[in-house]
1. Given +1 on the Cβ of Lys and Arg, -1 on the Cβ of Asp and Glu, and no further charges, what dipole in debye does the chain carry about its Cα centre, rounded to the nearest 20?
2. Name the trypsin sites (Lys or Arg not before Pro) in the range 257-366 that are in a loop by DSSP and that have at most 16 other C-beta atoms within 10 Å, would you?
3. Provide Rg over Rh for the range 522-595; use the alpha carbon set for both Rg and the Kirkwood Rh (inverse mean inverse pair distance).
4. For the range 3-84, which GluC sites (Glu not before Pro) are both in a DSSP coil and crowded by at most 14 other Cβ atoms within 10 Å?
5. Taking the number of other C-beta atoms within 10 Å as the exposure measure, put VAL343, VAL717 in order starting with the fewest.
6. Once the dipole of the chain is set up with Lys and Arg at +1 and Asp and Glu at -1 on Cβ about the Cα centre, which of GLN176, HIS356, MET73 lies farthest towards its positive end?
7. For the ranges 807-818, 608-619, 514-525, what's the packing order if you count other beta-carbon atoms within 10 Å of each residue, average per peptide, and put the highest first?
8. Roughly how compact is the range 554-678, stated as its Cα Rg over 2.2 N^0.38 Å to two decimals?
Amino acid sequence: MSPRYACTVNPNPELNNTPELGMDEKSLEQDFKSYYGNHLAQDKGCASGHYLYTSLALTLRDRLFERMKKTKMAYSESKCKQAYYMSMEFLMGRAMGNAALNLGLSETVTKAMVELGLDFEELTELEHDAGLGNGGLGRLAACFIDSCATLQLPVTGYGIRYEYGMFQQSIENGNQMESPDHWLRDGNPWELERPEYTQRIKFGGHTEFRKNVAGNMSVHWVDSNDILAVPYDLPIPGYQNGTVNKLRLWKSEATDEFNLEDFNAGSYTEAVASKNAAENISMVLYPNDASENGKELRLRQQYFLASASLQDILNHWITNNGENFDDFAEKNCFQLNDTHPTVGVAELMRLLMDEHNMGWDKAWTIVTKTMAYTNHTLLPEALERWPVHMFGRLLPRVLEIIYEINARFLSEVARKWPGDKARLASMSIIEEGGQQQVRMAHLAIVGSFSVNGVAALHSELLQKGLFNNFYQLWPNKFNNKTNGVTQRRWMAWCNPALTELVSETIGEQWVTDLDQLKKLTPFANSTAFQRKWNDVKKANKTRLADLVKQSCGVTFDTDAMFDIQVKRIHEYKRQLLNVLHVIHLYDRIKRGDTKGIVKRCVLFGGKAAPGYAMAKDIIKLINNVANVVNNDPDVGDRLKVVFLPNYQVSAMEVICPAADLSEQVSTAGKEASGTGNMKFMMNGAVTIGTLDGANIEIREEAGDENFFLFGLTEDEVEKERVGYNPRAIIAKDRDLKRVVDLLEGGHFNQFEPNRFDNIINAFTSHNDPWMTIADFRSYIDAQHLAGLAYQDQERWTAMSIMNTATSGKFSTDRTMEEYNNEIWKLEKVSPK
Ligand code: IMK
C-alpha cells in the first residue's frame, strides 16, 4: 500500500458522524445546486447537459455511498458468509434511472428537477452506457448483482474497469463499422477510486525452490514483471431496502519502479514510457461473444482479475482473522462466470501455499469448498484452451500448480476406471497431441464443488454430453440454475406505462415478487383491461418508431406487428432464418399473394465480433434486403425492415416494451439459455421460437397456446445431420426455391456481384452446422399462424397479457434464491 493511504490516528470521532442526507425534494435541489455551482463551478446562464447530468448523478451517488457504508458495516458486524461473483463482464448500461428507482426517489427527483426547469428523463438519456460486456453473459452478471442487493444477500461483484467497453457500431453502405467506446471520457460519477486497496500482480519470471531454516521447502516466484491493480467501487442498490452492495472493478497501472535497466542506462523517458505496457491490461474489452480467440492479452486480463480479487479477499480475511484460515471456507464462496476467471482455482492455491504457508491438502480443501463454476455455452469454439508454453511463460508458478492439480486428479480417475487410458486423456486438464493446451473448463470442474448450466436443457446436455465423464465421476456437483432478468430495470424502469397499469390492477408487490404477475390472468379477456393494455403497447411502439425514424429514416406504422430480433449476430442464432422469412414475405407481396399477410415491421439489431466475417456478411444482407423492401412501391407499408445500429442496454430499454413478436430462433441445442427472450415476455411480447435454451421453460410457463413453436428438437437436429441435403429440401419447397433463386440471382446485390456467395454456400452446404434450411418450412408456417393471430386483436392481446402474467419464473430474484439456497448458503443481512 502506498504510504500516503496508510492509516493515521483519527483524533476526532466526530469525523465519522456524517449527518444523514435528506431524501426530500428540497435537499435534492440544494445538493444539485451545490454540485453544479461549487463542485463543477458552473456560472453561465446557458447550461450544458453534461454538467446538469453530473450534478444529479453526484447528488444520487452520495445517497448510495451513504447506504453502502452502512451495508458494509452490517456485513462486518454480523460476520456473515459472503459470496463473490467473479466475471470478466458486467454489462451495466446506465445507472441513473436505476439509482433513483431503487432509492425510492423517482417521483421526488422528477419534481425537484421540474423546480429547476429540468426534465429527469432527458437527463437520464445523457448518460453513456457502461458497456463492459458483450451480451447475455455480461448482462446476466448485472441482473444478478441487482437481485442480490434486493434480496439483501452479501454478494460483491469483481470485474475489470475496461477503459474501452464494447465498440460502437455504425452502418455504412450496409456494413458494420466499429469505433472505440471511450465511455470514461467525460468522467464517471458513479465510481469511487480506492487506491488503499491496490494489489500487486506478477507476470513472467521463474520459480525457485528454497529450504528454510526449519528444513521446509518453499517456492518463490522471482524476477517477475509486476503491475498494480487499483480498485474502483460502484454502488449496487437494492430495491428500496437500504442495502447497497458493491461492484469492484480493477484498473491496471504501472508500479513506480519502472524499468530499472533503462534507468541505469540513463533512459529516463523510455523507462517512464514503459508504463504503457502495464496499463494495456485493462484497456479494452475483447468483443467476442461465445467464441474465443486465444490472445495472450486476454489471459493476462483473466489472471489480473482473478489474482487481484483473491488477494483483496484474503487481505480482508487476514485483517479480521489473522493468518488463521480454519473458517475461511465456511465464510467465503466464489462464483466463476464461465471459465474466464478460472485461473483463480490455481491462484488461490498459490496464495494459500506460497504466501500464507499452507500445505497442499489444506489449501485444496479450501479451494474445492469455495469455488463454484457456471458454464454458459456448449459451443466447442467457445471452450477456452490456453497453449501450455504461453501459460508457462506468463504464469510459471501457476502452471506448476495446475500440473500438480492434474496429476492428483488423474490418479483419482485411474482409481475409478483402472486401465482406461482414453478416459484419462479425455478428462485431463492438459490436452496432449499437437501443442499442449490447458483446458480451462476441466480445471473449473475439478476445482469446484458446484457446476451449473443456465437452463434446464443446457444443464441436461452438459451432463449427457460435453461433461459426461465428469458427471459420472461426481454426479452431485452438477446442477441447473435457469437464468433470469431483473424486473426492476426490465419492467419497472423501462416500461413505466405498463408498470402503472399493472400496479393499479394487482398492486406493486410484483416489483420484488414477480410471481404476483399471475394475478393478471383473470384480466386477460376483459375488454376494458385489454383496451388499457393496448394503449400502453401503442405508446411504447410510438416511442420505438420515433427511434427507428431518427436512426434509420424508415417509418414504422404502429398498427403493424412489431417483429423483433435483437442479440449478438451469430450463425447459431440464425438471423439468417429470419431474413429468409422476410424475403419470402417480400416475394409473396410481389406476386400478389397477400392473403392472410399482416402488416409487419421487422427490426434487427446486434453487433458482430469484428473478426467474424460471416456475421458481418449477415448484417450486410439484412441491410441490402431492407433497402430493396423499403423502397419498393409495390410493398408500401405492408412490410418494413430495419437494422438498428449500435444495439446496447439502453436501446433494449426502448425496444422490449414495444415488441409484439420476439424472435428466438436458434438451432436447438445451441443457445445455452437466452435472456432477451425473458425481457420480451415480461413486456407482453409473444415468442416465436425453437425448443432451445430457456425457450422451453418460457413455453412451459406461458402455455403452448401462447407461444409459436417451430423447428427440429435437439435430438432431431442430431439425427437430421446424417445425410442432410439442403439442396434437395430447396428443390421440393416452391416458396423456399423462390427465396433462394432471388438470393442466387443477385436480387439484393445488383451492384455487388457475388457479395452473398459465402452465405449461400453456408446454408446450402451438407455440413451446415446450424441447419437453417431444415427449419425453414416449419418456421414459415409458424410465422403465418402468428400473423393470423395478430389479426385477431382480442386473441393477440390475451396472448400478450398471458405472457406477462406467466413470466414470474424469469426474475433473477428467483435465480438468486436458488443459487443461494443450493450453492452459496448465505444469510440475508439488512443494514441498520
Ligand atoms: C451467453 C449464452 O450464449 C446465452 O445463451 C446465455 O443466455 C448467456 O450467456 C447467459 O447465461 C460469452 C458467452 C458465453 C460463453 C463465452 C463467452 N455464453 C454466453 N456468452 C465469451
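What follows is calculated from the coordinates using simple rules that are stated; it is not laboratory data. If you're wondering where the values come from, they're calculated on a predicted model, not measured in any experiment. No Cβ is skipped: glycine too gets one built from the backbone with ideal geometry, and neighbour counts run over all protein chains shown.
1. Here the chain has a charge dipole of around 1060 debye.
2. LYS295
3. For the range 522-595, the value is 1.07.
4. GLU20
5. Fewest-to-most Cβ neighbours within 10 Å comes out as VAL717, VAL343.
6. Of GLN176, HIS356, MET73, it is HIS356.
7. Working: 807-818: 22.5, 608-619: 19.0, 514-525: 17.3.
Packing proxy ranking, top to bottom: 807-818, 608-619, 514-525.
8. 1.04
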